[in-house]
Amino acid sequence: MSDDFIRDLDEYFGKTYTDFDRIGSMPSYESVTVSLVLKNRNRIEEGQNLTDEVRKIAYQPKAAQVLAELKERHVDETFSFSFRVAPLKKRIAALLSRKGTAGYFLATLIGKYGANAAEAPARLGIPEAVWQGICKGKYIPEKQLLFKAMLLYGFSREDGVLLMRLCGAYYDHECVRDVVVHYLISYRVLNEDMIARAFEEYRLRPLL
């Protein structure tokens, strides 16, 4: 496995991860002021936007050490079910037309990316009855299932965002898992061994 891949992921993570309480609790963390970052740039115009930016790992004098400490101490507490029951209004709307549902869009995307939606339950690891409920608008996929589908089928970043929006989901950059998955999707890292390596590096429970 190429070290360049992990270095690239680490760089992205350092610029993206925003759980400042966790970052600040690392032993090697040092306070960085806006003035140190701006130097000769316009402090009035840019200072406000950089207030949170400078708290990210990327701006740390010992960024690699802070990140290593965060990885070492990370415990993956992210959990969600594969789906949730859709609100009554959405279930009624789905009876009239399924085309606007997240399940319909998910099945459409699977076909768009060259796979057979009928085989989705086995590939996604969910019961057939659950898949049918998703397709009929009875259930709404949660991020655990969305991330798995996006990585397995290779959805583009744009299609992934549209799918998540239909499900009322979004990337939470305070969550280690979400940042790692966002990187993998954005940079089209679809090799399952590389995905597993990324999850292992950040002490995440396997997704695929």
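The values are calculated or read from the model by the stated rules, or taken from the named source; none is laboratory data. Predicted, not measured: the structure shown is a model, and the values here were computed from it. Here the Cβ is made from the backbone with ideal geometry for all residues, glycine too, and neighbour counts use every protein chain on show. Accessible surface areas use protein heavy atoms only, side chains included; no ligands, DNA or RNA. Shrake-Rupley method; radii C 1.70, N 1.55, O 1.52, S 1.80 Å.
Points worth noting:
- Residue check, residue 94 modelled with pLDDT under 95 and not polar (S, T, N, Q): yes
- Here no helices (runs of 4 or more DSSP H) wholly within segment 132-208 include at least 1 residues being among the basic types (Lys, Arg), more than 14 Å from the chain's Cα centre (by Cα) and surrounded by fewer than 15 Cβ atoms within 10 Å (Cβ to Cβ).
- Residue within segment 100-121 that is open to solvent by 40 Å² or more (accessible area, probe 1.4 Å), without any contact (Cβ under 8 Å) to a residue 40 or more places away in the chain, at positive phi and not β-branched (Val, Ile, Thr) present: yes
- In segment 70-99, the residues that are open to solvent by 30 Å² or more (accessible area, probe 1.4 Å) and in a helix (DSSP H, G or I): 72, 73, 88, 89, 90, 91, 92, 93, 95, 96
- For segment 191-208, the criterion of being of a type outside the set (A, V, I, L, M) and under 12 Å from residue 13 (Cβ atoms) is met by at least one residue.
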